[in-house]
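The values are calculated or read from the model by the stated rules, or taken from the named source; none is laboratory data. Remember, predicted model here, so these are calculated numbers, not experimental data. Every residue, glycine as well, gets a Cβ built from its backbone with ideal geometry; the counts of neighbours run over all protein chains shown. Note: areas computed on protein heavy atoms with side chains; ligands, DNA, RNA excluded. Shrake-Rupley method; radii C 1.70, N 1.55, O 1.52, S 1.80 Å.
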Amino acid sequence: MSTASSPSRLSALLMTPVNFVMRLIEVPLRGLQKSTGIGGMAAFFLAPNMLIFGIFVLLPLVINFVYSMTGGTAFFLAERNFVGADQYARLFTCADYLDPMSCQEDAFWTAVGNTFWFVILQVALMILTALITALILNRDLAARSFWRAVFFFPVLLSPVVVGLIWKWILQRQGLLNFILFQFGDTEPY
């Protein structure tokens with residue numbers, strides 16, 4: 001009888017701090033929900049993610065758009081002259097859009113064409129290869145588990161390699177300690 005209640009006591013003991021924190025934040029969140037409604041609560045919980053998205057995605061987009069409306073090679077906007085949409089107009093001055101060499105900015109349209117064909121071919125080949133592989137590995141064949149593992153292990157390999165690299169950097173006789181020793185730390189370990 002005591003062995004069955006042991007896990008439940010341990011679980012209750014571990015949940016005590018969580019329950020305490022939840023009771024602390026319940027009062028302000030109930031007030032916020034009463035004043036804003038369910039939609040306001042959704043906005044409240046999405047606000048931190050939207051702030052990070054705005055800082056790291058939207059802000060750089062706006063900055064790049066502003067820079068594209070200026071000319072010159074200076075880094076600071078105050079040192080660049082405003083040219084408006086002239087940069088974009090240069091991209092669309094072509095005698096024949098099917099012949100990239102007839103454009104004023106031929107490197108741009110060549111890059112667009114190369115990217116288009118790369119994406120079409122790469123996506124098509126990747127989907128076709130994945131589909132054929134999945135169909136083959138779904139059949140009843142010898143060593144099917146082995147072949148499934150062979151195709152799945154590269155997915156797992158990346159986090160393992162990253163973990164090992166950090167282990168080699170941070171271990172006692174690792175790269176970080178070696179570099180610190182080279183720059184004047186007294187002991188190599």
Quick check on my filter: what residues within the range 135-156 are open to solvent by less than 100 Å² (accessible area, probe 1.4 Å) and more than 27 Å from the chain's Cα centre (by Cα)?
ILE136, LEU137, LEU141, ALA142, ALA143, ARG144, SER145
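So, PHE116, is that one surrounded by 11 or more Cβ atoms within 10 Å (Cβ to Cβ), among the hydrophobic types (A, V, I, L, M, F, W, C) and either modelled with pLDDT of 85 or more or over 30 Å from ALA89 (Cβ atoms) (or both) or not?
no
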Can you confirm whether the range 77-87 contains a residue that is part of a loop (DSSP other than H, G, I, E, B) and either open to solvent by 90 Å² or more (accessible area, probe 1.4 Å) or out of contact with any strand residue (DSSP E or B) (no Cβ under 7 Å at 6 or more places or on another chain) (or both)?
yes
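How many residues does the range 88-105 hold that are part of a loop (DSSP other than H, G, I, E, B), hydroxyl-bearing (Ser, Thr, Tyr) and modelled with pLDDT of 75 or more? Please lay out each step first, then the result.
Of all residues in the range 88-105, those part of a loop (DSSP other than H, G, I, E, B) come to 92-93, 95-99, 104-105.
Going one step further and asking which of them are hydroxyl-bearing (Ser, Thr, Tyr), we end up with 93, 97.
Adding the requirement that they be modelled with pLDDT of 75 or more leaves 93.
So the answer is 1.
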All but one of (1) in a helix (DSSP H, G or I); (2) open to solvent by 100 Å² or more (accessible area, probe 1.4 Å) hold for ALA124, so report the exception by its number.
(2)
Residue under question is GLY31, and the condition is that it be more than 30 Å from TYR88 (Cβ to Cβ) and either surrounded by 10 or more Cβ atoms within 10 Å (Cβ to Cβ) or in contact with a strand residue (DSSP E or B) (Cβ under 7 Å, 6 or more places away or on another chain) (or both); does it hold?
yes
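Could you tell me which residue of the range 54-76 is surrounded by the most Cβ atoms within 10 Å (Cβ to Cβ), considering only residues that are under 19 Å from LEU91 (Cα atoms) and hydrophobic (A, V, I, L, M, F, W, C)? Reasoning before the result, please.
Filtering the range 54-76 for residues under 19 Å from LEU91 (Cα atoms) gives 64-73.
Those left that are additionally hydrophobic (A, V, I, L, M, F, W, C): 65-66, 69.
Working: PHE65: 9, VAL66: 12, MET69: 15.
Once the filter is applied, the top-ranked residue is MET69.
Confirm whether THR133 is at pLDDT below 90, under 19 Å from VAL155 (Cβ atoms) and of a type in the set (S, T, N, Q).
Working: at pLDDT below 90: yes; under 19 Å from VAL155 (Cβ atoms): yes; of a type in the set (S, T, N, Q): yes.
Yes; evaluated as a whole, the condition is true for this residue.
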